[in-house]
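Below is one structure, written out as structure tokens, with a few remarks after it.
The values are calculated or read from the model by the stated rules, or taken from the named source; none is laboratory data. The shown structure was predicted, so the numbers you read here are calculated from the model rather than taken from an experiment. All Cβ positions, glycine included, derive from the backbone under ideal geometry; neighbour counts span all protein chains shown. Accessible surface areas use protein heavy atoms only, side chains included; no ligands, DNA or RNA. Shrake-Rupley method; radii C 1.70, N 1.55, O 1.52, S 1.80 Å.
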Amino acid sequence: MKKLLLFIGAFLFSTLFYDKSIGLNLFLFSIITLIVLFVNNKDDFKNKRTLIYSGLYLVTGLAVFFHDSLVAVIANFASFFTLIGLLSENKSSIYVNWLNGLYTTIAGLFHRNFSFNETTQKVEQKKDVDYIHLAKIIIIPTIIVIIFISLYQNGNPLFSGIIDKIDLGFINFQWLLFAGLGYYLFSNIHKPIEVEPATELDLKTGNELAKSTTFSIPKLKKENQLGIILISLLNALIVLFLITDITFILNNEKVRASVFSSQVHSGINALIGSIVIAIVILLYVFRGDINFYKENKTLKRLAFAWIILNIILVLSISVKNSQYIYYFGLTYKRIGVLVYLTLAVTGLVSTLLKIDKIKNIWYLLRLNTKAAFIVLILSSTVNWDYHITNYNFNYAESMDIKYLIELSNNNALLLKEESKLRVFDKKTTWKINNKHRKYVRELEKNSWQELQYDNLKLESKQL
Amino acid sequence: MILLIIFGLVFICSIIFVIIRLSISCMFWISKNPKDKQHVFKVYFPYYIIIFFGLCLTAIITSKGDSSMICFCTVVYLLALIIWRYIIKQKPRVYRTIKENNELQNPNLP
């Protein structure tokens, strides 16, 4: 039954992907993968985390169908590896899941052939497959069925018509090779495996920070003094900076474009660097025994104050970035800054938790990689090109139409609609029409495997 | 001409084989316990094959999905797996002393 499922999976893999571009096929592949994984790992699917990650995997597959963007495809791959890794070991960290997922996908079958039994200290040899019998049960029934089909074809014209309609012309040598690749892939992933040294190390490593054996109070007193002076000065500096920064934000009323642009660009880059350095300094100060020093309350309070001030700094950057977006339109770079700021806030909050609850650096790494994964999944569900175009046309004070035309085809239908409502110069109108025409032609050429949500939109418009 | 092509192909294949074999041997050489094949397999094989796969994928992407490059990378990848399989399944050599050999040939019969 399980072997048969792998064969069906391989057949569907080749049918979905051979000579096709990405579209509905990736979502269907996600469903097939989940079925194969569920049949082979039923117990693991009782776990809540597995169900959540399976859901996320399906969501990213749907995102690819709705808007065929690179972010959605990357998110789909990332959630695929995460799910496979989770099935191999559900207590490990997300980055170990990625490693296990990748390893299972690449060499799962090969690894299982050399699985080592710790109790018997022997390599478990697989039972010999009776290939002759396997060939018999496939070839003999196939030949007999073909003979009978040709006999029945002559006996009944209606049956003959149905048989004639079956077109297997798409199967060729390359298609079969592709099916082989599909079989290899499903054979690898159906029983996920783990990179043992990395997984064992990860499971052994907890989140709690331990007191070292060389705990020395005089040494810690000096460290505490240094930390208090350093973080106090940094607090004073950031307060001063924030006052001037907020004054700048409140007083600037539509500054000249070039001035504003250079201010925001250089400012944001410097501030992004300063937040990273802030986290590094805090991690260095609270790296060891200072966490267990009784007199560290002042240092901790100063650190918390500095983190909160850094979060206010992030807010001020996001206000500046929003103003910039309002005046000059939405672009990928500006969205990237917002994504970075979200991650920076997560980093700062997790640093605060780490200091407060006396956790180690692995805790930070685990929490932040998970946060990055969630941000990736969330950002994959948004059709950015469409929203950038929509915002720039309807809300931004000014915009760069060339930039919008150069975006992916996801905004082609919207651009065409907007070009009917607005007046552009001849060249721009020609470019928009050309982009729209090419995209519609591309959509019309799509086979059922390559279907996209825009295909349905186009069909409903034509009706 | 055909002979030259065959010679060229054999030469290239041999070089590729030697490179892969050497890269796998390196895994055994850097291991603290090179005689324990299972240990080397467990610790080094996953990283080796992930990096190897990454290199093959990079080569395919750089060649913009050229079919000959895909075939080449597939063959090289499978060759690497086969060599690993051969090394792991290979029985360890038993070195005997001259005395032991003599004893085997002339056992002390009662």
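A few notes on this one:
- In segment A:176-220, burial by the other protein chains removes 50 Å² or more of 1.4 Å probe accessible surface, compared with the chain on its own, from A:Pro197.
- Cut-off of 10 Å, at most 15 other beta carbons, DSSP loop: longest stretch of chain A lacking such GluC sites (Glu not before Pro): A:125-252
- For the residue pairs A:Lys297/A:Lys354; A:Lys191/B:Lys35; A:Lys416/A:Lys445; A:Lys42/A:Lys204; A:Lys46/A:Lys354, alpha carbon separations beyond 23 Å are given by A:Lys191/B:Lys35; A:Lys42/A:Lys204; A:Lys46/A:Lys354.
- Here r is the Cβ-Cβ distance between A:Phe11 and B:His39 and R0 is 35 Å; the resulting FRET efficiency, rounded to 0.05, is 0.35.
- Segment A:1-123: equivalent-ellipsoid semi-axes (sqrt of 5 x gyration tensor eigenvalues, Cα, Å): 26, 18, 14
- Rounded if a/c under 1.5, otherwise prolate or oblate - segment B:36-88, Cα gyration tensor axes: oblate
- Scattering profile of segment A:1-207 at q = 0.15 Å⁻¹ [log10 I(q)/I(0), Debye over alpha-carbon scatterers]: -1.06
- Nearby aspartates and glutamates by direct alpha-carbon distance to A:Lys221 (threshold 14 angstrom, same-chain neighbours under 8 apart not counted): A:Asp289, A:Glu295
- Angle between chain A longest axis and helix A:384-394 axis [Cα atoms, degrees, rounded to 10]: 60
- Sum of -39500 (n - 2.57) over DSSP H runs of 4+, divided by residues of chain A (222 nm, nearest 500): -25500 deg cm²/dmol
- Across every pair of non-identical alpha carbons in segment A:125-234, the mean reciprocal distance, once inverted, gives a Kirkwood radius of 22.7 Å.
- Ranking by accessible area, most exposed first, for A:Arg366, A:Arg287 with a 1.4 Å probe: A:Arg287, A:Arg366
- Global form of chain A, assessed from the alpha-carbon gyration tensor, a/c cut-off 1.5: oblate
- Take the Cα of A:Phe159, step 7 Å toward its Cβ, do the same at A:Ile217, and the gap between the two points is 9.7 nm.
- Anchor A:Lys402: aspartates and glutamates whose Cα lies under 15 Å away (excluding residues fewer than 8 positions away in-chain): A:Asp385, A:Glu418, A:Asp425
- The simple spin-label model puts a point 7 Å past each Cα toward its Cβ; for A:Asp167 and A:Asn433 those points are separated by 3.4 nm.
- Probe 1.4 Å, accessible area per residue of segment A:384-462, Å²: 61
- Cβ-derived FRET efficiency at R0 51 Å, A:Ile138 paired with A:Gln462, nearest 0.05: 0.65
- Overall shape: prolate for segment A:387-449, with the ratio a/c of the largest to smallest alpha carbon gyration tensor axis at 1.5 or above and a/b above b/c.
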